[in-house]
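Computed from the coordinates by the stated procedures, all read-outs in this text should not be read as laboratory data. It should be emphasised that the depicted structure is a prediction, and the values quoted were computed from it without experimental measurement. All Cβ positions, glycine included, derive from the backbone under ideal geometry; neighbour counts span all protein chains shown.
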Amino acid sequence: MSENSAPGGPRAYQPADGPRGPRYFTNPNPTQNQPVPNAFQSQPQGRAPAFQQPRPVQPARTQKPPRKGFPVFGILALAVLTAMLMIFAVTVVISMQRYTPIRGISNSPYVGINNYERVLSMPTTPPAMGTTLAMRLFEGLLSLLVAAAFCALYYAVKKPGAALLLGCLWLIPVCVPPVSMAMLVTKTLGLRPVSHEAGIAGYALSTFLQTAGLFCFSGGLFTALNLMKKGKAGKGPYFGLLIGALVWLLAGMTTNLDADLSTSTAMSGAGSLDRLIYAQSFMNANFGVSGAMSVIKVLLQIALAIVPLVVLCILARKKSTKGKTPLMVLWVFLAFLTVFGASIAVGFLGGITGASPIVTGLLNSLMVSLMGGCLGGLIAYSFVHLMRRSPSLLFGLIAVLLCAAMSCKAAQYLLMQQMSIVNTLYPAVLLAAFDPRLILLSSLLAFALRDHMERRPGSLVLAMALLCAAFAWGNMTLPMLYTNSRALYTLPYYLRQVTLNTVSSSAADTSQSMVQAYGERMKTEQILRLLTALPPMLLGVGGALLMKRAFNPFNQTAKG
């Protein structure tokens, strides 16, 4: 008998179920075909090894519901809202005083409702209200007709990315500076930039492009959302157009002061209500009357916003998403601090002396655009983040408050005066987030994000920063209100001054020297037009592409 076959000798073992099977080994001798444990594991016969025994079922851990932490942007948004409420409260107090900057609020005499009676008895108040309503009505109807015709094209789009691209490209005309559009229409129609007809035509064209662009963007955005969710456009184009129109109606009495002032030197008369407030505040220094006008305008705007507010609250009912705090916020804030520190180091915000006017305006516009874009983009995104999480009624009230905050320009000026930053570029940076276009765009995005989650929040933050930078670059009113030095001129304000001087000097003298000077001013005006209009459009292209990237495609649709 061989050694391997001896009953008591060494045995050759083979796995019964293959190399990865259970470690049961059999004796090759059929007479002793009994399970034998592995030599490395001592297990009793008839019982499976420990690793083959069924593991005890662990009881399911009860997961605690996630905490609803306070949003990071809530502090910033609530701080800005508190400042806006304080500005409106100061406006109400001033409207009941015979306010003078020398006496201040505490020492100015109290006059009650005399300022309100004076405003209502002024011969320019009813025409200003009628002109404001007529301008807004004409602007809205014309924009709705064009946007409705364009939204019909969205039904031919089968891919959400294409619908998003078409809608986001409409943000480019929104970024065009009103002063550039106003000067363009005056040149096209052959009218004098100081004439009343030029003012109406320039205002209509510039505001029409902005409003129609917002409507078409809203239609394209909701078309893409429907394509992602249902696979077809459905009611998305015209539902988006409805949301855009309702948000636009929240600012029913607010006109574009840039478009109004960039085409006429007359600061009072039968103009808009905002223009009349500007004249009483900064031309006549009658802060009590202008405060009363501002309060009346806010009350009228709230009254006109009741119906759209109710409809928006119904449509936004039971919808909210949490959203995320992207890392891009930190980079944008660090960029703001970097540019702010560099501007202080070289003295940009205090004015640049010794350089040509074009170089001075270019550097001033660059600093205002960079810092205003970073800070305004963060503030705008904080409101989007807060409004998307808020209940429907609070969402509507925040939108109305944002639209009403644009009216209290006298109180804003007094606040900047108390901060000792008048005759600097700091007010243009701090107030960049209160551009009407940015406020309406923030409200539109907040409504859309209440029912959908964006894929890339960082792209959305950067897109809003670029769009705010474009708006800050083309803003003419803020540098005109808060600066009185040529070293602080930005490109839009310098373009307006050059255009008005060119027109007035062309009719004054026809000598050879004056003709030569006129030709030089015309060249300067052309350069300023290019430098004023081109950078905001390029920033608008970047913001549109980033906006498309933020929404396309969605990871999932979030409800509740």
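Residue exposure proxy: Glu525, Glu117, Glu139, ordered by other Cβ atoms within 10 angstrom of their Cβ from fewest to most, comes out as Glu117, Glu525, Glu139.
Look at Tyr482, Tyr413 and count the other Cβ atoms within 10 Å of each Cβ; fewest to most, that gives Tyr413, Tyr482. Between amide H atoms placed 1.01 Å from N, distances below 5 Å from Gln97 occur with Val111, all of them 5 or more places distant or on a separate chain. From most to least packed by mean Cβ count within 10 Å, the peptides 205-212, 150-157 give 205-212, 150-157. Taking a Cβ cut-off of under 12 Å around Ala292, the surrounding Lys, Arg, Asp and Glu residues balance to a net charge of +2, with basic ones at +1 and acidic ones at -1.
Rg over Rh for the range 423-468 works out to 1.08, using Cα positions for both radii and the Kirkwood form for Rh. Restriction of the trypsin sites (Lys or Arg not before Pro) in the range 85-186 to DSSP coil positions whose beta-carbon has at most 11 other beta-carbons within 10 angstrom yields Lys158.
Counting neighbouring beta carbons within 10 Å and listing from fewest to most, the residues Phe434, Phe215 come out as Phe434, Phe215.
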